[in-house]
Amino acid sequence: DEAVRLEAARADLQNAEAGLRRAVEGATPEERELLQRQVELARVRLQTAEQTLAATTLTAPFAGLITHRDIEPGERLGPNQPVLTLADPATLRTVAEVDEVDVAHTAVGQPATVRLDALPTVPISGTVAHIAPAALPQRSTTIYEAIIRLDEPPPTVRLGMVGTVTIQTAAAHDALLLPLTAIRRAGRDTYVVRLQAGQQEEVSVTPGPDDGTRVVILAGLEEGDVVLLP
């Protein structure tokens with residue numbers, strides 16, 4: 001046990017120093033030199049024991065909660081072997097899966113909203129903190145991981161909860177919005193069917209960003225136009 005070795009080294013140093021003090025008077029120069037060497041050797045042994053004990057002490061990099069213990073007391077450790085899994089409840093994050101079509105429009109710093117299955121009526125604001133540079137392996141579709149840092153999660157949030165993440169990739173102010181289903185396509189042309197003076201007419205439009213349900217219309221329509229759904 002390293003703690004026992006440390007105490008033994010400390011006792012050896014105390015004994016060596018005490019012997020040197022007793023031999024100050026009446027000892028020959030050779031005897032005093034020998035005792036001085038014994039003191040120095042005891043100090044080296046004590047320093048080595050302190051360093052060895054310090055190397056056996058694990059210090060957490062931050063205050064947190066132990067969520068998993070990988071070894072039991074008394075087991076031997078190998079190089080780079082994990083010992084504990086530590087989580088910081090003050091800096092909660094969630095991992096979202098982003099499709100390759102959407103990842104091109106996703107960037108670090110964009111705002112996000114997290115809705116947990118256990119707390120569906122409590123939206124939690126967050127920020128995109130990291131986007132994986134490579135897709136997840138062994139998937140039928142190309143998916144990238146994005147880490148969302150939660151700003152102020154409520155105290156009812158627990159580690160391991162699952163939910164849905166919405167990332168705001170763009171913002172439009174005073175924009176015209178249409179249901180995404182109103183957009184029709186003919187080849188490369190995009191149009192909607194507008195009701196004008198009781199008549200239906202096809203109108204070319206320029207769609208902008210969408211949230212999967214609604215789409216921004218950048219050009220082709222004006223406020224008040226009546227658009228027919230398919």
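The values are calculated or read from the model by the stated rules, or taken from the named source; none is laboratory data. Only a predicted model underlies this, so the values are computations on that prediction, with no experimental measurement involved. Cβ atoms come from the backbone with ideal geometry, glycine included; neighbour counts cover every protein chain shown.
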Handout entry: Unique match (being under 20 Å from Gly208 (Cβ atoms), more than 18 Å from the chain's Cα centre (by Cα), surrounded by fewer than 12 Cβ atoms within 10 Å (Cβ to Cβ) and modelled with pLDDT under 95) among Ala171, Ala182
Key = Ala171
Practice task
Give the number of residues within segment 33-52 that are in contact with a Lys or Arg (Cβ under 8 Å, 6 or more places away or on another chain) and under 30 Å from Ala87 (Cα atoms).
Solution key: 1
Completion exercise
When every residue in segment 98-116 that is loosely packed, with under 12 Cβ neighbours inside 10 Å and part of a helix (DSSP H, G or I) is compared, the one modelled with the highest pLDDT is Glu100
Handout entry: Considering residues of segment 73-93 that are touching a Ser or Thr at 6+ places or on another chain (Cβ under 8 Å) and hydrophobic (A, V, I, L, M, F, W, C) only, the residue farthest from Pro153 (Cα to Cα)
Key = Leu86
Exercise for the section: For residues that are free of Cβ contacts under 8 Å to residues at least 60 places away in the same chain and among the β-branched types (Val, Ile, Thr), scanning just segment 71-111, find the one that is farthest from His130 (Cα to Cα). Expected result: Ile71
Completion exercise
Among residues of segment 215-227 being in a strand (DSSP E or B) and surrounded by 15 or more Cβ atoms within 10 Å (Cβ to Cβ), the residue farthest from the chain's Cα centre (by Cα) is Val227
Problem - Single condition Gln138 does not satisfy, out of (1) over 30 Å from Ile66 (Cβ atoms); (2) surrounded by fewer than 15 Cβ atoms within 10 Å (Cβ to Cβ); (3) touching a Pro at 6+ places or on another chain (Cβ under 8 Å) - result: (3)
Exercise for the section: Answer yes or no: is there a residue in segment 189-207 that is of a type outside the set (Phe, Trp, Tyr), assigned to a loop (DSSP other than H, G, I, E, B), in contact (Cβ under 8 Å) with a residue 40 or more places away in the chain and not assigned by TED's automatic domain parsing to the domain that holds Asp102. Expected result: no
